1. Given a Förster distance of 51 angstrom, what is the FRET efficiency for residue 367 paired with residue 105, based on the Cβ-Cβ distance and rounded to 0.05?
2. For the range 878-975, what class follows from the C-alpha gyration tensor (a ≥ b ≥ c being the square roots of its eigenvalues): rounded when a/c is under 1.5, otherwise prolate if a/b is larger than b/c, else oblate?
3. Which residues in the range 748-782 place their backbone N less than 14 Å from a point set 7 Å from the Cα of residue 498 along the Cα-to-Cβ direction?
4. Suppose all protein chains stay in the model; what accessible area per residue would a 1.4 Å probe give for the range 503-613, in Å²?
5. Sort 709-720, 742-753 for me by packing, meaning the mean count of neighbouring Cβ atoms within 10 Å per residue, highest on top.
6. Working out 0.36 nm times the residue gap between residue 913 and residue 800, then minus their Cα-Cα distance, what length gain in nm do you get to one decimal?
7. The list (1) 34.0; (2) 37.4; (3) 34.8 gives values of Kirkwood radius over Cα pairs in Å, and only one came from this structure; which label was calculated from it?
8. So, R0 is 35 Å and r is the distance between the beta-carbons of residue 455 and residue 215; what FRET efficiency does that work out to, to 0.05?
Amino acid sequence: MPSQLSSTRPRQRRNTKMSAAALTLLASTASMSGHGVTAFLAHTATRRTASSSAALLSSSTSTFMRRSKAMTTPFTTKLFSTTTEEEKATAFRTTTTTKPFTNSKYDEENQSQGIVGSYNPSAFESHIYKWWEDAGCFTPDAKQSKECNTKQPYVLPMPPPNVTGRLHMGHAIFVALQDVLARFHRMRGKPVLWLPGTDHAGIATQLQVEKALIAEGTTREEVGRDEFLKRTWQYKEEQGGHITRQLRSLGASADWTRERFTMDADLSEAVVEAFVRLHEKGLVYRGEYMVNWAPMLQTAVSDLEVEYSDEEGKLFYFKYMVEGGEEFLPVATTRPETIMGDTAVCVHPEDTRYKHLVGKKAIVPMSNGRTIPIIADEYVDMEFGTGALKITPGHDPNDYAIGKKFDLEIINIMNKDGSMNGEAGQYEGLDRFDCREKLWEDMEGDGLVIKVEPHQQRVPRSQRGGEVIEPLVSSQWFVKTEGMGAKALKAVEDGDMKIVPQRFEKIWNNWLTDIHDWCVSRQLWWGHRIPVWYVGESGESEYIVARNEGEARKQAVEKGHPEDVILRQEEDVLDTWFSSGLWPFATVGWPFTEGEEDSDLARFYPGTCLETGYDILFFWVARMAMMGLELTGKAPFDVIYLHGLVRAADGSKMSKTKGNVVDPLDTVAEYGADSLRYSLVTGVTPGQDIPLNMEKIEANRNFANKLWNCCKFVTDNALKGADEEEMKTLGVNGPIGKEEFEKLSLPERYIVSKCHSLVASVTSDIENYQLGAAGSKVYEFLWDEFADWYIEISKTRLYEGAGGGGEEEAKAARRVLVYILDTSLRLLHPYMPYVTEQLWHHIPRPSATEDQVAHALMLADWPQMDDEVPLTTSEEAVSSFESFQALTRSIRNARAEYNVEPGKRISATIVAKGSLKDEISAEVKSLVALAKLDPEQVIVVEAGSDEAKAAAAVESVQLVVQDGVEAYLPLSGLIDPVKERKRLEKQSEKIEKEIQKLAGRLQSKGFVDKAPAAVVDKAKNELAELEDQAAKIKSSLEALS
C-alpha cells in the first residue's frame, strides 16, 4: 500500500541572518558567480531540442543566464546597503590588508609579497579561489590531459541545494567532506568530476512566490499558471545563485563549468523520458490513496517535508450511542472534527466490556442519525484509553488500513484548503479547527460529552509552511517500488554499492524490505509538469503518457480519436525527489548519449561516491539507487558515504529559538574557511553527529597560524643561507629514496620516517573513507613532531651559535625542512586548501607539468602516487630518536621539578649502550639546545664503563630513562638533597608496586601455562628491567645517605 505518512527526521532550518563580516565575505565572493554561466550556455547549447513542455524552461533559463551576469554589482551594493558606515569601513579594512592579486599573475605576485605578518585568511582566500576557478583547476583534466590519463575517474555527484537557499552548516559539512575526497583523488592523478548544481525546490520556491502574491492582494489562481511561472522564474533569477557563491567561499573545488539546475531544458527532458519509460515498464499508475496534505500549499507532501512537534493539546472523550437503546461506547479523540468522517467503531474481539455490541450499529454524533457498524479487530489495545476506537478511513493512516481490511466506506469531509465540505453536513464551509469547537459545543448540548483532558501529542506540521498536515485520501500518481527496491537491496548485498558506515546497511535493508509505492505527484505549478494528457473536454478516465503533446496526439489518433481531439495536460507536477533521483546520470548526458563510447555518460557514470547526510538515506539516496538501476541497469555509485548532522556544542539540535545556531558565513569571516572545514571533518567518525563549538574552530585557526609560522621560519630563516643553485634543487619532485635517506643524521632519518609513515596512514585512511582520523594525524604530526622537535633541532644545523655552521649539515637540514613542509602541505591540502596553497607558493617547488592548467598545489602530486612502492622508513631510527626524546623530556621534567631557573645551563652525564650511545653522542648539540645543558659540561659514556660508574658515584639526580639509557645530573648547585631523597623514594615505591604486580602474575600457574610463550617472555623481560631500575634507585638513595 502506498504511504507518505511515516515519521522522518526533520531537516535543519536555515539561519539566514548574517553579520557584517559575513556580508563582506559574501560580497568578496560575489565576483565568482558568473564563471560557470558561459560554459553552461555552451554546454546546454549542444543538447537536443527540448520537448514542448521543456521549451518554456529553456527560454526562462536562458533569460536567467543573461541576467545573472549583471547581478554581481547590484548584489554587492545591496549587501553593503544593509550595514552601517562603521561596518562598511571595517569590512573594507578586512578585505584590503594586503595588495589584491591580479588573477592571471597570482602565483608570481603571491611569491613576491612574501609571507607577511600573521595568519589572516581574509587577505587571500577569495583571491586564491578566483585564481583556481579562472585557471580551470576544477575540471576533470586540469592535472593531466584526457588522452594521457588512463586512470579511472573519481566522480562525486554534489547533492543539489535549493536554488534560492542560503548556506547553513548542513551545506558546510558536505562541502568539507566532499572537497577532501575531490582534492585527494585529484592529487593522486585521477580525473575528478565533482558535479555541482541546484534543485528547483518545488514547494519552498512556490511558497515564497505565493506569499509575495498574497502581499500584493492576489493569489496564484487569480494570476493564472503562465503568469505565476513567469513570476517564479523571475524570483529564481533574483534569489538564485547566492548558494553557489557561498559554497565557493568554503573552497568547494567543484567543476562549475558543468553546473546544472534540475529545471535545465535537457534535465527537464530527461525527467519526462524517465516518467515515460517507467510507465512503459508498467511501473507508473494513478490511484486513490492516503497522503500528507498541506492545506495552505494545497498539495501532497513527502514524509521528508513533514516535521513532528510535541505540543500540548486536548483529548476529547464522548459517547458513541448504540442504535436502539441507551448503551454507548466511550470513545476518545484528539480531532473531534473528524467524527463527521467516521465509518465504524472498533473494539478488541476479546474485550468483555464491548463483546456483546459487535455487529450492532452506532449513531454518528450530529449526523442526523447516520449509523456505522461496530466491528472487532485485534489491532485494538484493550488496555489503552477506553478500548474503543473511532475509525475514520478518510483522515487517518491507521484507520485507512482498517477501512481497507473491512471494506469500509471512505468519506472525505474536507476541501483542499482545510475547510469542511458537504460531507460534514451543517458544518460545511467552516475551517477544520472552527468546526472542532462548534461540533464539540453542539455535542455538549446533546449530552454526548464525557470529559476533556490535557494531552501531549505529536503534531505533524508542514516543514515549509508550518501548517498542521491533514491526512486525506486523494487521487495521485504513483511509482511501483517493490521491484525497484529489491534491485537496490541486492546491489548492496552483492557489493555493487557499499554503505559507509556499514551499520546503516541494516536500516537500508529494513526500509527497502518494507517499501511502499511512491507518490510522485504534487499539486504545484513550479516543477516538472507530469507528461500525461487526458483525452476529451472533461474526465480523467482516459489518458495518454507521452514525451510531448505531439506524441500524445499521435497516440490518440492511433487509438481511433480524431486529429483535432482535445488533449488536456495533467495539472500536477512531479515530486522534486523524482528529478533529483536522476541526478547522477541525467547530469552527464542521459538519455541523449546512451551507448556512445566517448561520451560523458560513458566516462563519468556510474559515479564513485555519493556523500550525503544520513537523514536523507531513503528519501534521496535510495531513490537514486532505484532509478539508476531501473533506467540504466547500473548502480549509480560505488560508495554511499553518510555523514552525521552538525549539532550545537552540547549535542543538541541547532535552533534559532535556542540561540545556538552557528552561522558558517560568520564563522568563515572571523576564522577563515580552513578552520571551519577542519573543525567539521576531524575528530568525528562517519555517520556520527558532529558537536561544533567555537573553541574547536579557534583552536584550528591557531593550528593554521602555527603552520604559517613554521613556513615563515623555513622561508625567512632556514633558506637564507641557500644560494640560487641550491634553491633549484630543493623543490620536491618525489619521495626521498633509500640511498639519500641513509646518509642523513638521526633526527632527519626520524622525521622523514615519521613523515613517510604518516603519508601511508593518511593515504589508507582517506581511501577507506576515514577522513576524520586522517586529518587528525596530520595535525598531530605537524604540531607534535615537526614544529616541536625537528624545527628546533634544525637550528643546531643552521646557526653557528647553536652548534651549527657545517655547510653539508646545513644543506641536509634545509633539504629535510623543505621536504617535510612540502609533504605536510600536500597532506593537509584537502582539509585546509587555502592556507596550504598560499604557503606552498613560497617554498622551493618543482615546475608544473605541461598538462597542468596552473602551477597550483591542488594539482601537485600526492606524496604517495604508487601504493605498490612503500616509502622509505627506519624502525631503528624511530626507536633511537624516541629514546633521545625520552631523555630530553626526562631532563626537562627534572629541571621543572627542582625549579631550575629557565636560563640556567646545567651539566649532565648520559649513559647509553652501543649504537644508541653513538647516536646520542652525535646529537649532543641538539640535546644541549632542547634540554638547556651546558655544552662544556655534557658527556655521553658507555653503560658499564668506568666513566659511567664514576658518574653514579657523584652526588647526582639519577634519571632512569629506559633500559640502557640513564642520565646523571650533578646535585651541586642544582637540588635540595632532602627533596631528591623524597623523589627517589616515591619512584622506588611506584616501581616496587609494579614489580609485585608483575611477579604475582608470573607466579600464577594459570598465566604461565595458558598465555602464549611470547607474552610470558615479555612479562619476564619487563620484570627484569623493573628490578634493575629498582636496584639503581636503591643505590642512589644509599649515595644520598
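The values are calculated or read from the model by the stated rules, or taken from the named source; none is laboratory data. Not measured: the values here are computed from a predicted model. Methodologically, a virtual Cβ is constructed for each residue, glycine included, from the backbone with ideal geometry; neighbour enumeration extends over all protein chains shown. Quick note on the areas: whole protein, heavy atoms, side chains included, nothing else; ligands and nucleic acids left out. Shrake-Rupley method; radii C 1.70, N 1.55, O 1.52, S 1.80 Å.
1. Once rounded, the FRET efficiency stands at 0.05.
2. Taking the square roots of the gyration eigenvalues as a ≥ b ≥ c, the range 878-975 is oblate.
3. Inside the label zone: 764-771.
4. 41 Å²
5. 742-753, 709-720
6. 37.7 nm
7. The value matching this structure is (1).
8. About 0.45, to the nearest 0.05.
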